[in-house]
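Novice: Below you will find the structure I want to go over with you.
The values are calculated or read from the model by the stated rules, or taken from the named source; none is laboratory data. All values derive from a computational prediction rather than experimental measurement. Cβ atoms come from the backbone with ideal geometry, glycine included; neighbour counts cover every protein chain shown.
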């Protein structure tokens, strides 16, 4: 990772640690050693959106608008 990428990553970690919003996964703690960075986040139960799309095969416009609203 370049120094510029490290700075950007640290900036993003700092932002996430200070965010508290119901639609954004909460970052509680960060552990780092020379080889890896471990992020402790809240548990997000449910399924991947991709899996839901594959299983349903189609979404109505109303269903799609609900999903897009939740993402935004």
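Novice: Cβ contacts < 8 Å: first residue more than 23 Å from residue 22 (Cα to Cα), restricted to the range 45-69; second residue not in a loop (DSSP other than H, G, I, E, B), any location; separation 6+ or different chain. Result?
Specialist: Pairs found: 59/53; 59/67.
Novice: Pick from the range 35-62 the residues that are surrounded by 11 or more Cβ atoms within 10 Å (Cβ to Cβ) and at pLDDT below 90: which of them is nearest to residue 6 (Cα to Cα)? Explain how you work it out, then say what you get.
Specialist: Narrowing the range 35-62 to residues surrounded by 11 or more Cβ atoms within 10 Å (Cβ to Cβ): 37, 39, 41, 49, 52-53, 59.
After this cut, where a residue has to be at pLDDT below 90 as well, the list is 49, 52-53, 59.
Values: 49: 29, 52: 34, 53: 34, 59: 40 Å.
Residue satisfying both the conditions and the ranking: 49.
Novice: Of all residues being within 25 Å of residue 69 (Cα to Cα) and surrounded by fewer than 10 Cβ atoms within 10 Å (Cβ to Cβ) in the range 1-34, which is modelled with the lowest pLDDT? Just the residue, please.
Specialist: 23
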